[in-house]
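Down below is the structure, laid out as structure tokens.
Taken together, the values in this text are just the output of simple stated rules run on the coordinates, not laboratory data. Bear in mind the structure is a predicted one, so any value in this text is a computation, not a measurement. Neighbour counts are summed over all protein chains in view; Cβ atoms, including those assigned to glycine, are modelled from backbone coordinates with ideal geometry.
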Amino acid sequence: MCGIYLDYQSASPVDPRVHEFAERYLTCDFGNPSALHTRGLGAKAALEEARSKVAELINAEGPENILFTASATEANNLAIRGAAQRNAAKGKKLLASQIEHISVLNPMKDLKKAGYDLALVPVDATGIVDLGALESQISRETTVTSLQYANSEIGTIEPIAEASDIVHKKGMYLHVDATASAGKIPIDVQKEEIDLLTLSSNDLYGPQGAGALYVRPGTRIQPVLFGGGQERGQRPGTENLYAIAGMGEAARLARMEVAEESLRLQAIRDGLIKEILKIEEAYLTGHPTKRLPHHASFRFSRIEGESILLTMDAMFNIQVSTGSACSSRTLEPSHVLLAIGLRHEQAHGSMVMTLGRQNNPDQIPAIANAATKTVERLRALSPL
């Protein structure tokens, strides 16, 4: 299907090199990694190879610090629930920024039913977490503090190293959701002293159905699912070998190509921002410079984001997003945009463009033209 795809943050194609590498685990080398026969041992070797590749992407201490899950959402739940419940005797306080993904906020809200206290750290108008507020809100009883490495909706990159220093001086564990940023910018869990870090296969151009959780040595968590003893007893269930092997190969390719690809995408991103901000009453959301290289997000006065998405798709065959893909079926305004200070009517008019390997600079004029005509058409129809 011809068209221009600009929604890589919600779903990415599997890189053909990744599929070519991993497809044998769907047919020939399909063994169960827990089995002791030759096919099982081969599957186990593939699993451990993938673990090493993912560890290298984020500079983990070793492959044993990577736990595979079925998704980033599951990894977030394992990190938050697993750390909070394992360390409940030391404290039952939780912290997160106001703009975390719902797969972080909802498990924390659910833990409140079991007596945990949840506080949300404010952010500024560009989405940067308020480090002063973080320091004042955290205490020795704060077992888990969760911050995105970069926000998936507005693209803002957070000061993780500075936040880590605050957390470890006054609290316990720092969990970082790196779903939106891994493979787009360098991440070093040792240098930034991250205790728990979430990764997604598909966001690395790997298969859907796999995620990973990095667990720093000495960080104590407990399982949230129960069954067999897979993944050191922390995540039971037969491993999705194709998806995990693919995730490992995708991580290897991302580590090799991240510097060059980031520069390429940043140039396209900057070109899009320049052209789309020429539209009357168009505004950039997120930080103007401290943002993901593939991420351009906007808001437009007097129109709805859902209408923008549908018009761009139906009339111009260009796929964009409006807010989080996990909550876009609700009619509520984005909690992220409200947190950075926008009013409800302002938050409704958002458009998010996330770039990938199939995008190129030649597409900029067509995208800008489609966005301009879409906004003009919708404003002409709007009662506002």
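Data table
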quantity: Three-way shape call for the stretch 129-227 based on the alpha-carbon gyration tensor, with the a/c threshold at 1.5; calculated: oblate
quantity: The stretch 79-99-the stretch 331-354 distance, computed between alpha-carbon centres (Å); calculated: 28
quantity: Degrees, to the nearest 10: 72-86 long Cα axis against longest axis of the chain; calculated: 50
quantity: Percentage of interatomic Cα-Cα distances in the chain larger than 35 Å; calculated: 27
quantity: At R0 = 25 Å, FRET efficiency that the Cβ-Cβ distance of N317 and L381 yields, to 0.05; calculated: 0.75
quantity: Amide proton proximity set for T143, modelled H, under 5 Å, gap of 5+; calculated: K93
quantity: Amide H partners (placed H, <5 Å) of I4, local residues excluded; calculated: I318, Q319
quantity: Packing rank of 182-189, 110-117, where each peptide gets the mean count of other beta carbons within 10 Å, highest leading; calculated: 182-189, 110-117
quantity: Residue-span extension gain [K113 to N369] - 0.36 nm each, minus C-alpha spacing; calculated: 87.2 nm
quantity: Charge sum, other residues only, whose C-beta stays under 15 Å from R51's C-beta, Lys/Arg counted +1 and Asp/Glu -1; calculated: -2
quantity: Inter-site label distance for E332 and E281 at 7 Å from Cα along Cβ, in nm; calculated: 2.7
quantity: ³J(HN,Hα) computed for each position of the stretch 355-372 - Karplus, 6.51 cos²θ - 1.76 cosθ + 1.60, integer Hz, glycine/proline x; calculated: 8, x, 5, 8, 8, 8, x, 5, 7, 4, x, 5, 5, 4, 5, 5, 5, 4
quantity: J(HN,Hα) series, the stretch 26-32, from Karplus relation 6.51 cos²θ - 1.76 cosθ + 1.60, nearest Hz, glycine and proline x; calculated: 8, 10, 7, 9, 9, x, 7
quantity: In order through the stretch 205-210: 3J(HN,Hα) via Karplus (6.51 cos²θ - 1.76 cosθ + 1.60), integer Hz, x for Gly, Pro; calculated: 6, x, x, 5, x, 9
